[in-house]
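The values are calculated or read from the model by the stated rules, or taken from the named source; none is laboratory data. Keep in mind it's a predicted model, so treat the numbers as computed, not measured. Ideal geometry is used to build each Cβ from the backbone, glycine not excepted, and the neighbour counts take in all protein chains shown. The area values use the complete protein model at the heavy-atom level, side chains included, leaving out ligands, DNA and RNA. Shrake-Rupley method; radii C 1.70, N 1.55, O 1.52, S 1.80 Å.
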Amino acid sequence: MGKILRGCRAMWLTFDDENYTCLGKDSDDLSIETNPDTETIKNVQGETTFVNNGYTPSMSNEYIARSEDAIYKPLQAIADTLAVDDERTTATLVVATLTEEVKESSTKTLTGTGFKVPVKVVVNSDGGGTSGYAIPFTITEDGARTQGTVSVANKVPTFTEENEEGL
Amino acid sequence: MENEKIVKYDLDGYEAVTSAIMELINQYPEFYKEEILFSSLNEDGGMAIYPITGPVIETETKNVIGETYQVCLYPFVLIYRGALRSSERKEKIKEMLDNIGKWLEKQTVTINDNDYTLSEYPPLTDNRKFLSITRQSPSFMESASDNGVEDWVINISARYSNEF
């Protein structure tokens, strides 16, 4: 009961669908911007209609590089080569709302519901300040979201797709 | 009315950090004949470390994963007590204390024509790690008693991180 802690909404990124990095270790604010495309139309009769043309979700992450992170080497490669090809810039984002903060998964298995979606990765800059080597990047969703459940142990997620009946 | 800033302490880390500092400072190259003690000095002489306060939590942030990152400050004073009869002897003690401070800062110190550099700080227990150890003052004579025993001190502060 009560408000859900921010650490319960966990986000992972993977470039190979096997090795995941839980995003946000150096962030006190991390959000997926849904970027809705909406308009409000008023007709000549004075009636107002609201139209939602959909979303173009994206997320910017002020990532501080860690050699043990699965996403570090692919991001370094994009930064070094300014890669734009699909092979090196395609990744998968997994997002879930867990029963407890994701840091607790180091001592117990957590479960939750969420989605998986293919994304494209763009590196925004390379370097940063003295607090650590930064490779800030932006990911943009590049496909449909697949709904499902997530089981997490040691901050590593296992995603199970929801079937057609929503089970 | 001004809001007073509440001072918080890393009480669980006090023992671990104190032990590590004692072990580290007793590794100083010049200390081959007497041990630096903790909060214990004889009336006529010796060397000891006295904490000024417990480890103070300087900053505390929480990330979106739910982890907390603290930077803590552990200030202490290193005291040399002895009967220093000559100006030359006082200069030597002052130089020794200043060199200990430099050595703890990972600077190179020269003792008897040999260079010594502290390469890394010792590990702390749990999720704590030394970030830096720095001098907060040059060494100076703090007090002198009637029988000629003087206290020479240097203020030092250890900064470490704690993640949980």
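For the residues B:148, B:101, the requirement of being within 30 Å of residue B:59 (Cβ to Cβ) and open to solvent by less than 70 Å² (accessible area, probe 1.4 Å) singles out B:101.
If you go through segment A:115-136 one residue at a time, do you hit one that is without any contact (Cβ under 8 Å) to a residue 40 or more places away in the chain, part of a helix (DSSP H, G or I) and open to solvent by less than 70 Å² (accessible area, probe 1.4 Å)? Checked against the condition, which is being without any contact (Cβ under 8 Å) to a residue 40 or more places away in the chain, part of a helix (DSSP H, G or I) and open to solvent by less than 70 Å² (accessible area, probe 1.4 Å), segment A:115-136 yields no hits at all.
In segment B:123-138, is there at least one residue being among the β-branched types (Val, Ile, Thr) and in a helix (DSSP H, G or I)? Lay out the reasoning, then the answer.
First, pick out the residues of segment B:123-138 that are among the β-branched types (Val, Ile, Thr): B:125, B:133-134.
Then keep just the ones that are in a helix (DSSP H, G or I); that gives none.
No; the residues of segment B:123-138 include none that is among the β-branched types (Val, Ile, Thr) and in a helix (DSSP H, G or I).
Filtered by the rule that a residue be small (Gly, Ala, Ser) and assigned to a loop (DSSP other than H, G, I, E, B), segment A:98-114 gives no residues.
So which residues in segment A:5-16 are surrounded by 12 or more Cβ atoms within 10 Å (Cβ to Cβ), away from chain B (no Cβ under 11 Å) and part of a loop (DSSP other than H, G, I, E, B)? Correct list: A:15 only.
For segment A:137-156, name all the residues that are more than 14 Å from chain B (Cβ to nearest Cβ) and either in a loop (DSSP other than H, G, I, E, B) or touching a helix residue (DSSP H, G or I) at 6+ places or on another chain (Cβ under 9 Å) (or both). Of everything in segment A:137-156, those that are more than 14 Å from chain B (Cβ to nearest Cβ) and either in a loop (DSSP other than H, G, I, E, B) or touching a helix residue (DSSP H, G or I) at 6+ places or on another chain (Cβ under 9 Å) (or both) turn out to be A:137, A:142, A:143, A:144, A:145, A:153. Within segment A:71-113, the set of residues being hydroxyl-bearing (Ser, Thr, Tyr), within 19 Å of the chain's Cα centre (by Cα) and within 14 Å of chain B (Cβ to nearest Cβ) comprises A:97, A:99, A:105. Among the residues of segment B:99-126, those that are touching a Ser or Thr at 6+ places or on another chain (Cβ under 9 Å) and of a type in the set (Val, Ile, Thr) comprise B:100, B:108, B:109, B:117, B:125.
The single condition among (1) β-branched (Val, Ile, Thr); (2) within 23 Å of residue B:46 (Cβ to Cβ); (3) assigned to a loop (DSSP other than H, G, I, E, B) that residue B:100 does not meet is (3).
Which of the residues belonging to segment B:42-78 are part of a loop (DSSP other than H, G, I, E, B), surrounded by fewer than 16 Cβ atoms within 10 Å (Cβ to Cβ) and not β-branched (Val, Ile, Thr)? It would help to see each step written out before you state the result.
Within segment B:42-78, the subset part of a loop (DSSP other than H, G, I, E, B) is B:42-45, B:52-55, B:63-67.
Now drop any that are not surrounded by fewer than 16 Cβ atoms within 10 Å (Cβ to Cβ), which leaves B:42-45, B:52-53.
Matches in segment B:42-78: B:42, B:43, B:44, B:45.
Of all the residues in segment A:17-45, those that are open to solvent by 90 Å² or more (accessible area, probe 1.4 Å), farther than 14 Å from residue A:138 by Cα and in a strand (DSSP E or B) number 2. Cβ separations smaller than 7 Å between residues 6+ apart or across chains give the following pairs from segment A:19-35 residues that are more than 11 Å from chain B (Cβ to nearest Cβ) to residues that are exposed (fewer than 13 other Cβ atoms within 10 Å of the Cβ): A:35/A:56.
Which of the residues belonging to segment A:64-81 are closer than 17 Å to residue A:155 by Cα and part of a loop (DSSP other than H, G, I, E, B)?
Narrowing segment A:64-81 to residues closer than 17 Å to residue A:155 by Cα: A:66-72.
Correct list: A:66, A:67, A:68, A:69, A:70, A:71.
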